[in-house]
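Comments concern the structure below.
The values are calculated or read from the model by the stated rules, or taken from the named source; none is laboratory data. Worth saying up front: this structure is predicted, and the values here are computed from it rather than measured. We place every Cβ from the backbone using ideal geometry, glycine too, and count neighbours over all the protein chains shown.
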Amino acid sequence: MSAGLDLTGVLRPVRTGNALEETVERLLTVVKLGVVGPGERFPAERDLAAQLGISRLTLREAIRELRQAGYVESRRGRFGGTFVTYTPPAPDAGKLRRMAMQDGGKLTDALTFRLAVEAGAAEVLAAKAGEGPRAVLLARLAEVNAACPRDYRRLDTLFHLSIAELTGSGLLLAACTDARMRLNDLLNAIPVLQRNIDHTASQHSAIVTAILAGDAQQARAAVAEHLAGTTSLLRGFLG
């Protein structure tokens, strides 16, 4: 399981009416966002079922669907469990354009939503910053800024979701997860170049610096600047 990010806000309890479908959706979210990355193991079945508020039978059915679709595999034995096998598809700018052309309005809405919740999370965390988040933020910052292109999207996701998690608000973490998921396929369709990683490294550092300094206004501004760059990149590929 991916260290350092509590899955509680991501794997919030499902409603009873569509328990199986919602369980599959929740598990797909953590897989596609890389919260549980390739080769990593889901929490124990007992713990995962309790976290989702479902029966172990429903959980097993959901995992079976993911296994049949090629997202996970189950291993037996002492070190067994459910392991992620999914890897994001190769970037495809043509696919990006087709996806965006299908509904450009939804793209604009998703970008606005992401800006509101992620900038808000940084602002909230900065306002309450102490020694608590320092180690986690610096660790996530080091990971994403040192990422190779293959791992960048996943580690960037963990960096931003960690900011939301550290606010202590499960609802805010869930909102940031939702915002990220709405853009996930589009972001994965953009090629990740080393020069882009190098460029965003200073922006990530500015976000963390503002949060740890307790400068809420600057933290919000730093996130907004960073996300504006992502928006410009998306628009550039769509143009």
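Within segment 43-56, count every residue that is within 19 Å of residue 80 (Cβ to Cβ) and of a type in the set (A, V, I, L, M).
Of the residues in that region, 3 qualify.
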So which residues in segment 32-44 are closer than 17 Å to residue 175 by Cα and outside any loop (DSSP other than H, G, I, E, B)?
32
In this structure, does residue 161 turn out to be surrounded by 17 or more Cβ atoms within 10 Å (Cβ to Cβ) and in a helix (DSSP H, G or I)?
yes
Of the residues 65, 45, 61, 73, only one is surrounded by fewer than 19 Cβ atoms within 10 Å (Cβ to Cβ), farther than 22 Å from residue 14 by Cβ and not assigned by TED's automatic domain parsing to the domain that holds residue 179; which?
73
Report whether or not residue 116 is buried (at least 22 other Cβ atoms within 10 Å of the Cβ) and within 19 Å of residue 221 (Cβ to Cβ).
no
Per the list (1) crowded, with 18+ Cβ neighbours inside 10 Å; (2) closer than 18 Å to residue 136 by Cα; (3) not polar (S, T, N, Q), residue check on residue 170 breaks on (1)
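Checking the conditions here, which among 182, 150, 134 is at pLDDT below 90 and under 29 Å from residue 14 (Cα atoms)?
On the way: 150 fails: under 29 Å from residue 14 (Cα atoms); 134 fails: under 29 Å from residue 14 (Cα atoms).
Only one candidate qualifies: 182.
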Can you tell me how many residues in segment 177-199 are touching a helix residue (DSSP H, G or I) at 6+ places or on another chain (Cβ under 7 Å) and surrounded by 15 or more Cβ atoms within 10 Å (Cβ to Cβ)?
14
Using beta carbons and a limit of 9 Å, which pairs, at least six apart or on different chains, have the first residue in segment 31-49 and touching a residue at least 40 places away in the same chain (Cβ under 8 Å) and the second one part of a helix (DSSP H, G or I) and of a type in the set (Lys, Arg)?
33/153; 33/154; 33/180; 34/153; 34/154; 35/154; 37/154; 38/154
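Would you confirm, using the coordinates I've provided, whether residue 83 is at pLDDT 90 or above, in a helix (DSSP H, G or I) and of a type in the set (Phe, Trp, Tyr)?
no
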Return the total of residues in segment 107-165 being touching a helix residue (DSSP H, G or I) at 6+ places or on another chain (Cβ under 8 Å) and not hydrophobic (A, V, I, L, M, F, W, C).
18
